[in-house]
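Enquirer: Take this structure, written in structure tokens, and hold onto it; I'll ask about it next.
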Amino acid sequence: MRCSAIWPASKLDRVVEAIKTYERWGLAAGVGVQLLVLFGMIIMGARKALTGEF
Amino acid sequence: MEKRPLSQSLRQWLLDEIELWRRDGLVTEEQANAILDRYETSRQSSARQQSIAIYVLVGVAALFVGLAVFMLIGYNWDAFSNPIKLMLLLGSVGGTYALGFVVRYVWNAKIFSEFAFFLGCLFYGGAMMLIAEIFHLQTHLPDGLWWWAVGVIPLALFLDTLLLHLLAVTLLAVWVGTEMFGRFGEDDFGLFGLLPRACFTLPIFAALGLLWAYHKKIADHGGPLRSARWVVARLAAVGLARRRESDLLHRQRRGALADSRGGPCRGEPIRGSLSAVRRLAVHGSPERLELS
């Protein structure tokens, strides 16, 4: 089976087009994910410190 | 129409062939010129190669800047209090990304913004490790690499830059390597114990790499790298399956040895693995299994 039968190029083009259109928001979301991970780690560490496991 | 890239050697080959076709009457002078006009000239080709070289050089420079900052912070690390350390880490990550956004959308220098985002991704990984060190968060080490890669992949997809794809592929490869060959505790960051160590995310990573490779038709220089993610994912699937099997065998052996001593079975309950059972059946006794 050809790849285009599973995932037509036009559909993929639309996805890529959407990614280009919302590039700014996508980048902001990516940075947001990273900051979320860092803050999550800080919260985990703070909880550990508060419960005396530090 | 945008001219298609062509290396110097391929261009020379095309020129020779066109000369032959023209001599044999296969193409006219106009047709030959029209064919040649579709591809970049030798000057454009050298300019493109020069810009790739500059890109690589600036990329390496960004990498060294990142390493230098790590060394500078690491050397003075003990001199800072914990809140200052956290502010430094979050500030370096946030500041680098803010610079990236300014360079990309205010100064309109897209290439240089890629280096800023690349540096930001390096700082993000460093910040994760240092925050874990500040709070003594002792977890399964490869999970940190997984989270690092998860943070890099959205930026790699949205920027579609070679540097970040390279970083994502490297991180995934190191993650797979540490999972396969390292012994970093027995924690399963898995799906209800059914799939070990986040390997359920591998098809997602592989699908993203495949879709991109398919879209780019592996025509440009970044294509093979993106498809490399697929290779990494396949390696990981094999490696994790073997690791899982060895874990099962280890548990099974412990249980079987306890049985052979006539005591109560102290091994953990064994979840089914056809190959493990087959190996036990072939080798017969647990002692021989231990030697295998």
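Bear in mind that the values in this text are calculations on the coordinates, not laboratory data. Just so it is clear, the model here is predicted, and its values are computed rather than measured. With ideal geometry, Cβ positions are generated from the backbone for all residues, glycine too; neighbour counts draw on all protein chains shown.
Enquirer: Scan around residue B:27 for amide H atoms under 5 Å from its own, H built in the peptide plane at 1.01 Å from N, and keep only partners 5 or more places away or cross-chain.
Expert: Excluding prolines and chain starts, which carry no amide H, the hits are B:22.
Enquirer: What are the residues whose amide H is under 5 Å from the amide H of residue B:39, where those residues sit 5 or more places off or on another chain and H is modelled from the backbone?
Expert: The answer is B:4.
Enquirer: Okay, next question. What does the charge add up to near residue B:155, with Lys and Arg as +1, Asp and Glu as -1, over the other residues with Cβ less than 13 Å from its Cβ?
Expert: On the way: positive: A:24, B:104; negative: A:23, B:114, B:160.
Residues close to residue B:155 contribute a combined charge of -1.
Enquirer: Hey, what does the equivalent ellipsoid look like for region B:81-169, semi-axes from the Cα gyration tensor as sqrt of 5 times each eigenvalue, largest first, whole Å? Walk me through the numbers before you get to the answer.
Expert: Numbers: eigenvalues 127, 60, 9 Å².
Rounded to whole Å, the semi-axes are 25, 17, 7.
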